[in-house]
Amino acid sequence: MENKRIYPLTIILPTYNEEENMNIWLPEVISQLSDVSYLDFEILVVDDNSKDLTQSVVNNLILSYKNLRLITRLDEPSLSDSIYEGITAATKSNIMWLDADGSMDIESILKIISQAHEDNLESIYVGSRFIKDGGYKGKDKSIDLSINKILSNLINSEESPLAIFLSLYFNKILSKILNLGVTDLTSGFILGPKRHFQKKPFVNSHYGEYFIKVIVDLHIQGIEINEVGYYCKPRLYGKSKTSTNLFRLISLSKPYIFTAISSRKEIREHLRQRK
């Protein structure tokens with residue numbers, strides 16, 4: 001029997017200088033999501049005071065799409081603060097957030113929404129590049145794709161091959177430290193009930209390490225976390241905000257490692273208190 005249950009969802013897109021992606025990728029996403037009969041959605045763009053025309057593009061799109069909203073942040077730029085501001089402003093009972101660069105394509109968005117709708121409305125669903133049916137930038141769904149082809153795909157995009165391959169091994173280290181059964185601890189692609197996302201994990205984060213705190217907080221709450229494989233594509237337009245310099249990448253990785261280690265202590269303390 002077809003599941004006709006309505007799924008209310010706010011999709012949060014944190015942006016900074018994503019003018020072209022908002023102009024081309026966003027209307028396609030809205031159009032295809034509008035064709036999903038069970039979905040009652042809004043899209044909330046939270047812009048970190050972009051220096052390009054991101055805000056103008058979104059404001060023009062709002063004239064055509066009533067379920068599109070824009071929040072412009074004037075405070076210190078912060079990915080984690082942008083996301084949490086979107087969470088607090090969301091009007092739907094479920095939320096999803098993801099990058100606004102087109103790397104999480106509409107097929108992947110629909111895949112996670114569909115699984116959440118069909119399975120368990122109380123669970124969390126995380127997009128993962130590192131499990132079955134998943135893949136990373138430069139790789140596609142062909143299992144025979146050579147390393148040369150992967151590198152070629154990346155070189156022809158605006159992405160850093162070094163950053164992509166370090167991300168693969170870096171996540172293995174993070175997963176080993178925390179041992180939570182989550183393979184993609186820097187995913188930034190997640191869906192679940194709004195009430196499960198508390199403020200604490202989003203406070204005092206430098207960049208993407210906030211996501212580790214979110215996963216740990218959900219684990220401590222005892223909430224089921226399911227990973228859904230997806231193919232993360234090279235960004236559609238614009239420059240990647242990830243460094244291409246090895247030493248810079250290593251420096252940026254330090255907050256992630258420190259967060260994982262401190263989170264492991266937090267988990268152990270939680271278990272000790274439960275005994």
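Overview of values
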| item | result |
| --- | --- |
| Helices (runs of 4 or more DSSP H) enclosed by the stretch 1-94 - at least 3 residues per element that are hydroxyl-bearing (Ser, Thr, Tyr) and out of contact with any Cys (no Cβ under 7 Å at 6 or more places or on another chain) | 79-89 |
| Looking only at the stretch 175-223, and only at residues there that are part of a strand (DSSP E or B) and of a type outside the set (A, V, I, L, M), the one that is surrounded by the most Cβ atoms within 10 Å (Cβ to Cβ) | Gly192 |
| Matching residues in the stretch 95-121 - criterion: being over 25 Å from Lys233 (Cα atoms) and either surrounded by 19 or more Cβ atoms within 10 Å (Cβ to Cβ) or charged (D, E, K, R) (or both) | Glu118, Asp119 |
| Identity of the residue in the stretch 112-146, within 16 Å of the chain's Cα centre (by Cα) and charged (D, E, K, R), that ends up modelled with the highest pLDDT | Arg129 |
| Residues within the stretch 224-275 that are surrounded by 15 or more Cβ atoms within 10 Å (Cβ to Cβ), assigned to a helix (DSSP H, G or I) and modelled with pLDDT under 85, tallied | 3 |
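The values are calculated or read from the model by the stated rules, or taken from the named source; none is laboratory data. Quick caveat: nothing in here was measured; it's all calculated off a predicted structure. Methodologically, a virtual Cβ is constructed for each residue, glycine included, from the backbone with ideal geometry; neighbour enumeration extends over all protein chains shown.
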